[in-house]
Amino acid sequence: MTAISLHSRLVNALRSAWYEPTPIAPLVTFRIVFGLMMAISVVRFWANGWIREFYIEPEVHFTYYGFEWVTAPGPVGMYALFGIMLASAIGIMLGWRYRLSAALFFLSFTYVELIDKTYYLNHYYFVSLVALLLCFVPANRAFSLDMLRKPTLAAGEVPAWSVTILKLQLAIVYIYAGIAKLNAEWLLDAMPLRIWLPAQSHLPVIGGFLSTAFAAYAFSWMGALYDLTIVFFLLNARTRPWAYIAVIGFHMITWMLFPIGMFPFIMILSTLIFFSPTFHTRLLERLAAVLRLRLNTIPRPDTSNTTKILPVPRIITGFMAVFIVIQVLAPWRYLLYPGDLFWTEQGYRFSWRVMLMEKAGYVVFHVEDPITGKRWDVMPGDYLTPIQEKMMSTQPDMILQFAHFLEEKYRAEGMNDAIVRAEAYVTLNGRGSRLFIDDQVDLTQERDGFRHKKWIVDLNQ
Amino acid sequence: MISAVAASCDKESSNSPGFDRGPLLENLGVNIIVPAYDSLARRAARLEEAAIEFTETRNEQTLGKLRDAWLSAYVAFQHCGYFNFGPADNLIFNASVNTYPISRIKIDDNISSGSYDLNAISSNSAKGFAALDYLLYGENPDAENVVELFDSDDEASARRQYLLDVVEDLRARCDAVYERWSPAGDNYLGTFVSLTGNDVGSATGMLLNGAIQYCESDVRDGKIGIPLGVRSLNVPIPANCEALYAQQSILLAVESIKGLQNLYLGKGKTDGVGFDDYLTALNARHNGDALASVIASQIDLALTKIAAIPEPYSETVEQNPDPAMAAYQELQKLVVLLKADMMSALGILITYQDNDGD
């Protein structure tokens, strides 16, 4: 009896979260702020000279496994890609040729991210995922240029899945970021905040406090608690205003203390989606008034609708289900590998592991000509930018890629089958530097892939 | 008893708020960097005087004084090379006073033709300390021979002029970089001590990024590794030794590590706050030991190993490479400690890029 009622309650909840009509306003706000933040991000990236520094100047790029075909298209191509990114972000914001804009933004942004894993950031991954979702949700059916172009598009309500999926996405980000913090180093040693916070001792007023061990523990525990619970407090109407103040406070503190760019603002504005449709309708009406737009740009919800079920194509529901399942499972894939996750980084990316470790390393490559037996050293700094070198020196798959790059370089110079060994030392969360890669292994004989990399030296060896 | 008290003080300092980078920067700037440039500028001025005296009165005695003045200024430079940021970076100081190997062809051509522009970047390999090494010692360092080249050789007069021009260029550059730092000049010192943050553009960030880069490419590789052939298919390149003709490569390399040691320990005219104190305040560890003392010991070890390399280094690299290889490996370990462990413990950033710490 209770089992049946629980089951039916669950079905009802899922049904209302997916198929029932819901006012479009939250989705429209999300579309506008996301487009705006992306446009600002692109301009900022451009203005900082990072297009040139990250994608044009480097001689070599570290592609992702399976995406080796993604290459930097040269200066003209790179600026064109970012031009498309900027235009399509504005298109998303204005709701102009919305689906085309969302698709172009997703493709151009994701392509750029795939060029070089040096620049991997969880927030870029988040942007790619949201951009993909925006290709499917009907966020242009109110308060958009598309509506002016094609008035029949206008709708006051959308099927609930299109708002639910974005909330789910945010929930995954926060909750997994919280789960990732539930480890001994974060909770018991307050690492790496114990290294990072004292570095901010120059800040006025709070500088002294940040240097204390208490501050490191307090920030660690509060951070974990925040990430694990914030979504639930945002979902609950009674706690929501306080939760949102916490969102602003948390992200502004991280913005002040760490060089994390646009991420805090993106999260602060994205979490607005948890607010009620009434809140968003009022917000948009006020925006319309400020911009002197006609009020009917936000159609009123159609109250005559009594069925309470909107048709959702099966393919969309199926796609979204797969999308969520992959994201729910991906952060656990590290369990399939032996060794310490932070040390080997096998299964580390795409898992919302943010600000979890202070890792630094140094690597020299020893090259040997198998015919003459002569050996010499190669310093990666001769071929890589400082940021590429820093990132490579602590990530085994990148060290392997660089070894293969050297093999190819020497092959082009007429030396077949150069032997390339890496002598790498890494320090993780305040442990002293120690050998990272088996320095006897010829890395040119090793292949990248999802298999365990046996040539990573065990952390506690 | 004393050590127990000291240990408990250590514990307290690790928990009590904050290492203030202000006094560290103050000490590095006032006690180390500015005096190092000051000393270099003074010795460069004496070098110029000695060069003028030698060109006017050409004999073995004046040549000896000139050579001494050259070596003295060259030693002073070894302590300055690490400050490769701010004024030195803007003035491209290091490359314009100490590019080596020099181009003998270019120098010989410049002397013969009498037409050259020492300000051109392409002239870096025809001037500076290394060019003087060639001019004052050369293939045949016998004093009588060198005096003859400046006195009665066909090109003696042109050679004297070239010597004076190179020395003047060097002296002017040493003056310029000191002027930029000096509180009486452009007072970059004031800027330096005010940049107390931990980003790339902070004083600590610029100094350490520059100094460690210099330690890697100019000290470990330039002074020891490259002549030894570690970058060239294991084929030694004796011609790439610093102070090749005067055969003072090891003396200069030792001086350069002493410069690093002073910088690390905060030692100038007095022993002040250094990076060792900073690491101690942070209670940074290295596999059970204090990172501060691990680095200090590694600097000592590198110093000992380098000092043990027989001079002339240009012959050692071919005939007896083992002591050089041993020194190179200790320098390698030192670079790992500085670039990975120390930078990580201090939380100093190496780029402006966004970072979410993974």
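Annotations for the structure displayed:
- Matching helices (runs of 4 or more DSSP H) fully within segment B:299-350 where at least 3 residues are within 14 Å of chain A (Cβ to nearest Cβ) and more than 18 Å from B:ASN262 (Cα to Cα): B:321-336, B:343-346
- Residues that are among the basic types (Lys, Arg) and part of a strand (DSSP E or B) within segment A:362-397 comprise just one, A:ARG375.
- Leading residue by the ranking (surrounded by the fewest Cβ atoms within 10 Å (Cβ to Cβ)) among those in segment A:371-409 that are at pLDDT 95 or above and of a type in the set (Phe, Trp, Tyr): A:TYR383
- On the stretch given as segment B:228-254, residues that are assigned to a helix (DSSP H, G or I), under 14 Å from B:PRO312 (Cβ atoms) and away from every other protein chain (no Cβ under 13 Å) total 8.
- Segment B:20-43, subset buried (at least 22 other Cβ atoms within 10 Å of the Cβ) and more than 15 Å from the chain's Cα centre (by Cα), residue modelled with the lowest pLDDT: B:ARG21
- Of residues in segment A:384-396 being touching a residue at least 40 places away in the same chain (Cβ under 8 Å) and within 17 Å of B:THR351 (Cα to Cα), the one nearest to the other protein chains (Cβ to nearest Cβ): A:ILE387
- Which numbered condition A:ILE92 misses (of (1) β-branched (Val, Ile, Thr); (2) in contact with a Ser or Thr (Cβ under 8 Å, 6 or more places away or on another chain); (3) surrounded by fewer than 21 Cβ atoms within 10 Å (Cβ to Cβ)): (3)
- Restricting A:LEU145, A:LEU134 to residues that are in contact (Cβ under 8 Å) with a residue 40 or more places away in the chain, surrounded by fewer than 18 Cβ atoms within 10 Å (Cβ to Cβ) and more than 14 Å from chain B (Cβ to nearest Cβ) narrows the list to A:LEU145.
- Candidates A:LEU86, A:LEU81, A:LEU121, filtered to the one that is within 14 Å of chain B (Cβ to nearest Cβ), among the aliphatic types (A, V, I, L, M) and either buried (at least 18 other Cβ atoms within 10 Å of the Cβ) or closer than 30 Å to A:MET147 by Cα (or both): A:LEU121
- Entirely in segment A:189-289, the helices (runs of 4 or more DSSP H) that have 1 or more residues that are within 23 Å of A:VAL127 (Cβ to Cβ) and not small (Gly, Ala, Ser): A:213-235, A:240-257, A:263-270
- Filtering A:THR344, A:THR303 for residues that are polar (S, T, N, Q) and at pLDDT 95 or above leaves a single hit, A:THR344.
- Some residue of segment A:340-347 being more than 14 Å from every other protein chain (Cβ to nearest Cβ) and over 17 Å from the mean Cα position of the chain (by Cα): yes
- Flag if A:VAL137 is among the aliphatic types (A, V, I, L, M) and over 19 Å from the mean Cα position of the chain (by Cα): yes
- Residues in segment A:398-428 that are assigned to a helix (DSSP H, G or I) and without any contact (Cβ under 8 Å) to a residue 40 or more places away in the chain were compared, and the one that is nearest to A:VAL441 (Cα to Cα) is A:GLU407.
- The residues listed here are B:ARG58, B:ARG42, B:ARG67; of these, the one that is basic (Lys, Arg) and not in a helix (DSSP H, G or I) is B:ARG58.
- Residues being touching a residue at least 60 places away in the same chain (Cβ under 8 Å) and away from chain B (no Cβ under 12 Å) - total across segment A:184-207: 1
- Any hit, segment B:335-349, residues being in contact (Cβ under 8 Å) with a residue 12 or more places away in the chain, out of contact with any Phe, Trp or Tyr (no Cβ under 6 Å at 6 or more places or on another chain) and within 29 Å of B:TYR245 (Cα to Cα): yes
Every residue, every condition in (1) surrounded by fewer than 22 Cβ atoms within 10 Å (Cβ to Cβ); (2) modelled with pLDDT of 95 or more; (3) over 27 Å from B:VAL254 (Cβ atoms), yes or no:
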site	(1), (2), (3)
B:SER8	yes, no, yes
B:ASN15	yes, no, yes
B:GLY18	yes, no, yes
B:GLU53	yes, yes, yes
B:ASN59	yes, yes, yes
B:SER72	yes, yes, no
B:PHE77	no, yes, no
B:ASP108	yes, yes, yes
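- Counting the residues of segment A:368-383 that are hydrophobic (A, V, I, L, M, F, W, C), within 9 Å of chain B (Cβ to nearest Cβ) and over 36 Å from the mean Cα position of the chain (by Cα) gives 1.
- Annotation: B:GLY225 fulfils all but one of (1) within 14 Å of chain A (Cβ to nearest Cβ); (2) over 26 Å from A:LEU210 (Cα atoms); (3) surrounded by fewer than 22 Cβ atoms within 10 Å (Cβ to Cβ); the unmet one is (3).
- Test: A:THR254 is closer than 20 Å to A:PRO198 by Cα, in contact (Cβ under 8 Å) with a residue 40 or more places away in the chain and among the hydroxyl-bearing types (Ser, Thr, Tyr): yes
The values are calculated or read from the model by the stated rules, or taken from the named source; none is laboratory data. What you are looking at is a predicted structure, and each value in this text was computed from that prediction instead of being measured. Here Cβ is always computed from backbone atoms with ideal geometry, including for glycine, and neighbour counts include all displayed protein chains.
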